Amino acid sequence: MNLFEVFSQLHQQATPLLLGNIWDVNSAQAFEASQYKAIATSSQAVAKSLGYEDGEQLPFEVLLRLARRVVEVVRIPFSVDIEAGYSRSLKDILANIEQLHDAGVVGINLEDTIPGATRQLRAAADFQKDLTAIADYLSRNNINLFINVRTDGFLLGMPNALQETLDRIRHYENAGADGIFVPCITDKHDIEQVVKATHLPVNVMCMPDLPDFKELASLGVKRISMGPFVHIYANKKVDEALRSIASENSFSALFK
């Protein structure tokens, strides 16, 4: 099997795919060395690591260079978060996706909100139309990419987040999505309802109240993401070490 086929199959196992969310080449190699089966960028972690804010502020060319280098040095499937496509033009979004495929990426995350000063949820029908065009383009051009569609009702804290999510899943499944990503969902009943609403693999993300992996598997979840939280944790540890060095006038904190 090629890496795309491996990645697709990892979404069909009884045990959910635990996805390592990277921010640079070193973190990609660390996840591979730790026996993770697949990796993906966290848009926020990548942006922050390079001094940008999240929300397509990182230039796409920089993201593409990172993707190319990661593919050169790791041997496990690699997916890239392209947020809302890095353009409001469908033609440009398709060009961005094709460049990532040509670099060796096997999957993308595409979200139904537009980043900005405030994140705007797109009309489901409009997003479905674009998603259909993307899926059709990939099919016609024999471009194999796993399209993981992120829907942001829970992330936005909508009062009707569950119903909004269930309604949108139907649209996105019909449009050619390969997976559904629902960040910030944590309630077991909500997760169960989302899983039952689609035959597509459902992806959840690290949150303080997220059930443990065994329970997520029992609910039918197929993919578990880390988002930016490993990057945040790593930076916290670096900050602690730097403060210790300065306060103790010693490098001992680096060797504990």
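The values are calculated or read from the model by the stated rules, or taken from the named source; none is laboratory data. No experiment lies behind these values; they were computed from the predicted model shown. Heads up, the Cβs are rebuilt from the backbone with ideal geometry, glycines too, and the neighbour counts pull from every protein chain shown.
Can you find even one residue in region 209-220 that is assigned to a helix (DSSP H, G or I) and among the polar types (S, T, N, Q)? Among the residues of region 209-220, at least one is assigned to a helix (DSSP H, G or I) and among the polar types (S, T, N, Q), which makes the answer yes. Which members of region 5-37 meet the condition of being part of a helix (DSSP H, G or I) and within 16 Å of the chain's Cα centre (by Cα)? 7, 8, 10, 27, 28, 31 - these are the residues of region 5-37 that are part of a helix (DSSP H, G or I) and within 16 Å of the chain's Cα centre (by Cα).
Restricting attention to region 205-213, does a residue exist that is buried (at least 17 other Cβ atoms within 10 Å of the Cβ), in contact with an Asp or Glu (Cβ under 6 Å, 6 or more places away or on another chain) and free of Cβ contacts under 8 Å to residues at least 40 places away in the same chain? Scanning region 205-213, I find no residue that is buried (at least 17 other Cβ atoms within 10 Å of the Cβ), in contact with an Asp or Glu (Cβ under 6 Å, 6 or more places away or on another chain) and free of Cβ contacts under 8 Å to residues at least 40 places away in the same chain, so the answer is no. Is it true that residue 135 is in a helix (DSSP H, G or I), in contact with a His (Cβ under 9 Å, 6 or more places away or on another chain) and not basic (Lys, Arg)? Criteria not met by residue 135. Remark: residue 186 matches the filter, which requires a residue to be out of contact with any helix residue (DSSP H, G or I) (no Cβ under 9 Å at 6 or more places or on another chain) and among the hydroxyl-bearing types (Ser, Thr, Tyr). The condition (being of a type in the set (D, E, K, R), part of a helix (DSSP H, G or I) and without any contact (Cβ under 8 Å) to a residue 40 or more places away in the chain) is satisfied by just one residue among 53, 72: 72.
Within region 194-208, the residues that satisfy the criterion of being closer than 24 Å to residue 38 by Cα and outside any loop (DSSP other than H, G, I, E, B) are 194, 195, 202, 203, 204, 205.
Taken as a whole, region 65-74 holds no residue that is under 18 Å from residue 225 (Cβ atoms) and either in contact with a Lys or Arg (Cβ under 6 Å, 6 or more places away or on another chain) or surrounded by fewer than 18 Cβ atoms within 10 Å (Cβ to Cβ) (or both). With respect to the conditions (1) out of contact with any helix residue (DSSP H, G or I) (no Cβ under 8 Å at 6 or more places or on another chain); (2) crowded, with 23+ Cβ neighbours inside 10 Å; (3) of a type in the set (S, T, N, Q); (4) within 18 Å of residue 74 (Cα to Cα), residue 43 lacks only one, and its number is (4).
A single entry from 57, 35 fulfils the requirement of being surrounded by fewer than 17 Cβ atoms within 10 Å (Cβ to Cβ), farther than 25 Å from residue 85 by Cβ and modelled with pLDDT of 95 or more: 35.
Go through the residues of region 175-198 one by one and say whether even a single one is exposed (fewer than 14 other Cβ atoms within 10 Å of the Cβ) and touching a residue at least 40 places away in the same chain (Cβ under 8 Å). Scanning region 175-198, I find no residue that is exposed (fewer than 14 other Cβ atoms within 10 Å of the Cβ) and touching a residue at least 40 places away in the same chain (Cβ under 8 Å), so the answer is no. Given the structure, is residue 110 within 24 Å of residue 224 (Cβ to Cβ) and either under 19 Å from the mean Cα position of the chain (by Cα) or not charged (D, E, K, R) (or both)? Against the criterion (within 24 Å of residue 224 (Cβ to Cβ) and either under 19 Å from the mean Cα position of the chain (by Cα) or not charged (D, E, K, R) (or both)), residue 110 qualifies.
If you go through region 148-171 and keep only what is of a type in the set (A, V, I, L, M) and either crowded, with 20+ Cβ neighbours inside 10 Å or assigned to a helix (DSSP H, G or I) (or both), you end up with 149, 161, 162, 166, 169. Scanning region 90-129 for residues that are in contact with a Gly (Cβ under 8 Å, 6 or more places away or on another chain) and either in a loop (DSSP other than H, G, I, E, B) or more than 23 Å from residue 19 (Cβ to Cβ) (or both) returns 92, 115, 116, 119, 121.
With respect to residue 254, determine if the residue is surrounded by fewer than 16 Cβ atoms within 10 Å (Cβ to Cβ) and either free of Cβ contacts under 8 Å to residues at least 40 places away in the same chain or small (Gly, Ala, Ser) (or both). So residue 254 fits the description; yes. Between 191, 180, the distinction of being in contact with a Leu (Cβ under 6 Å, 6 or more places away or on another chain), outside any helix (DSSP H, G or I), of a type in the set (A, V, I, L, M) and under 26 Å from residue 158 (Cα atoms) belongs to 180 only.
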